[in-house]
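The values are calculated or read from the model by the stated rules, or taken from the named source; none is laboratory data. All figures in this text were calculated on a predicted structure; none of them were measured in a lab. Because the Cβ atoms are built from the backbone with ideal geometry, glycine has one as well, and the counts that use them run over all protein chains shown. Quick note on the areas: whole protein, heavy atoms, side chains included, nothing else; ligands and nucleic acids left out. Shrake-Rupley method; radii C 1.70, N 1.55, O 1.52, S 1.80 Å.
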Amino acid sequence: MRKTVMPVAGLGTRFLPATKAQPKEMLTVVDRPLIQYAVEEAVAAGSDEVILVSAPSKGAILEHFRADSGLEATLAASGKDSLLELVRGVGRIANVHAVMQGKPLGVGHAILQAREAVGGDVFGVAFPDDLILAEVPVLEQLRRVQEQHGGIVVAVEHVPAEQVDRYGVIDGEHLADGVYRVSRLVEKPPVDQAPSTLAIVGRYVFAPAIFESIERTGAGAGGEIQITDAIQAALATMPCHAVAFEGDRYDCGSRLGFVQATIAVALRDPDLAAPLAEFLAASQ
Ligand code: UTP
């Protein structure tokens, strides 16, 4: 899994007005933008190339990973060596480049735009607005299952029954250790018709044949081309497994999830943990 695709061309409407002039994926959790957490996760799972599926208004995302010679020269001239290393380091994390999605027609459509850049190998997909803190990176947990079973692997977690209509939901048989063999997937099912409470979150590993399935997939829930529908169609020709991953996910496309992510990351930071814990205790 040398390549990971990251769709970043969405409108981020749930987080307006923060996302009016700034990409959602550039919102900062403690000291790094969301996109950097996702790129670091992909690298930790063995990818050395990240393909952003972007839009003209989202140029700041790619910019973040490009060398900035002016800034580097200023930092070097003022002897700020540790900051210089920090800035240079961002550019060295991975080979990050972008393809464009003309219109935000849905996540399935976004992934299809990366077809040529991906080529013929197994690839990962990560949505940067799902920030997942895990000892073993979630993409790596998925990659191991894909290596064993082939086909498609999706990350799932149990969500409250009344929230299933916000997610793609799976039906399947539990094999072992949180791995399910998926028999059916439904995007945003009505609460009383959901096959389970196992919701798909923003991490996938795909065999490249998924592109043919996306190509044949028409608009689904919300009028968008949904990756869940493309996976459902692909079940005829390849297996799909779901992994109830080990780790904590924060939906940073929502206000509550974003605040929770900020606190969770800060509580893991050696400089911030103690004073923040004190502040939180005093705030109750
Ligand atoms: P979301 O549905 O969470 O993002 O898509 P959104 O559409 O930007 O958010 P809201 O609902 O309007 O607030 C998950 C990921 O897929 C990307 C988004 O940028 C996000 O990273 N995406 C979504 C695309 O790249 N293209 C699309 O057509 C839709």
Scanning the stretch 54-70 for residues that are free of Cβ contacts under 8 Å to residues at least 24 places away in the same chain and within 29 Å of the chain's Cα centre (by Cα), which turns out farthest from Ala126 (Cα to Cα)?
Asp68
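Against the definition (open to solvent by less than 40 Å² (accessible area, probe 1.4 Å), of a type outside the set (Val, Ile, Thr) and at pLDDT 95 or above), how does Leu105 come out, yes or no? Outline the logic, then answer.
Values: open to solvent by less than 40 Å² (accessible area, probe 1.4 Å): no; of a type outside the set (Val, Ile, Thr): yes; at pLDDT 95 or above: yes.
No, not satisfied.
Taking the stretch 109-155 as the region of interest, how many residues are over 25 Å from Thr28 (Cα atoms) and out of contact with any Cys (no Cβ under 8 Å at 6 or more places or on another chain)? Walk me through how you get there before you give the answer.
Filtering the stretch 109-155 down to residues over 25 Å from Thr28 (Cα atoms) leaves 109, 112-123, 141-154.
Filter once more, so that each one left must be out of contact with any Cys (no Cβ under 8 Å at 6 or more places or on another chain): 109, 112-123, 141-150.
Residues that pass the stated criteria total 23.
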Residues that are more than 17 Å from the chain's Cα centre (by Cα) and either buried (at least 22 other Cβ atoms within 10 Å of the Cβ) or within 16 Å of the ligand (Cβ to nearest atom) (or both), drawn from the stretch 89-100
Met100
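In this structure, does Ile227 turn out to be of a type in the set (Val, Ile, Thr), away from the ligand (no atom under 16 Å from the Cβ) and touching a residue at least 12 places away in the same chain (Cβ under 8 Å)? Working first, answer last.
Working: of a type in the set (Val, Ile, Thr): yes; away from the ligand (no atom under 16 Å from the Cβ): no; touching a residue at least 12 places away in the same chain (Cβ under 8 Å): yes.
No: the conditions fail for Ile227.
Say whether the condition of being surrounded by fewer than 23 Cβ atoms within 10 Å (Cβ to Cβ) and within 12 Å of the ligand (Cβ to nearest atom) is met by at least one residue in the stretch 54-70. Reasoning before the result, please.
Step one: of the stretch 54-70, the residues surrounded by fewer than 23 Cβ atoms within 10 Å (Cβ to Cβ) are 55-57, 59-60, 62-70.
With within 12 Å of the ligand (Cβ to nearest atom) added as a condition, the list becomes 55, 57.
For the stretch 54-70, residues surrounded by fewer than 23 Cβ atoms within 10 Å (Cβ to Cβ) and within 12 Å of the ligand (Cβ to nearest atom): present.
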Restricting to the stretch 146-176, count the residues that are open to solvent by 30 Å² or more (accessible area, probe 1.4 Å), outside any helix (DSSP H, G or I) and small (Gly, Ala, Ser).
2
Suppose we keep only residues that are more than 15 Å from the ligand (Cβ to nearest atom) and part of a loop (DSSP other than H, G, I, E, B) within the stretch 103-138. Which one would you say is farthest from Ile214 (Cα to Cα)?
Glu135
Top-ranked residue in the stretch 17-47 [being of a type in the set (A, V, I, L, M, F, W, C), within 13 Å of the ligand (Cβ to nearest atom) and without any contact (Cβ under 8 Å) to a residue 40 or more places away in the chain; ranked as surrounded by the most Cβ atoms within 10 Å (Cβ to Cβ)]
Met26
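Yes/no per residue for (1) crowded, with 16+ Cβ neighbours inside 10 Å; (2) touching a helix residue (DSSP H, G or I) at 6+ places or on another chain (Cβ under 9 Å):
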residue: Gly218; (1), (2): no, yes
residue: Thr228; (1), (2): yes, yes
residue: His241; (1), (2): yes, yes
residue: Glu246; (1), (2): no, yes
residue: Asp251; (1), (2): yes, yes
residue: Arg268; (1), (2): no, no
residue: Asp271; (1), (2): no, no
Going by what's in this entry, would Leu86 be described as over 27 Å from Ile231 (Cβ atoms), of a type in the set (A, V, I, L, M) and surrounded by fewer than 14 Cβ atoms within 10 Å (Cβ to Cβ)?
yes
Can you pull out every residue in the stretch 112-145 that is open to solvent by 20 Å² or more (accessible area, probe 1.4 Å) and out of contact with any helix residue (DSSP H, G or I) (no Cβ under 8 Å at 6 or more places or on another chain)?
Gln113, Glu116, Ala117, Gly119, Gly120, Asp121, Glu135, Val136, Gln141, Arg143, Arg144
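Here's a check for you: in the stretch 253-266, which residue that is within 16 Å of the chain's Cα centre (by Cα) and surrounded by fewer than 19 Cβ atoms within 10 Å (Cβ to Cβ) is modelled with the lowest pLDDT?
Residues of the stretch 253-266 within 16 Å of the chain's Cα centre (by Cα): 253-254, 257-258, 261.
From what's left, surrounded by fewer than 19 Cβ atoms within 10 Å (Cβ to Cβ): 254, 257.
Details: Ser254: 89, Gly257: 95.
Step by step, filter the stretch 253-266, then rank; the result is Ser254.
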Among the numbered conditions (1) open to solvent by less than 30 Å² (accessible area, probe 1.4 Å); (2) touching a residue at least 40 places away in the same chain (Cβ under 8 Å); (3) more than 21 Å from Ala98 (Cα to Cα), tell me where Arg14 comes up short.
(1)
Taking Met1 and the conditions (1) within 12 Å of the ligand (Cβ to nearest atom); (2) under 23 Å from Val138 (Cα atoms); (3) of a type in the set (A, V, I, L, M, F, W, C), which numbered condition does it fall short on, given that it satisfies the others?
(1)
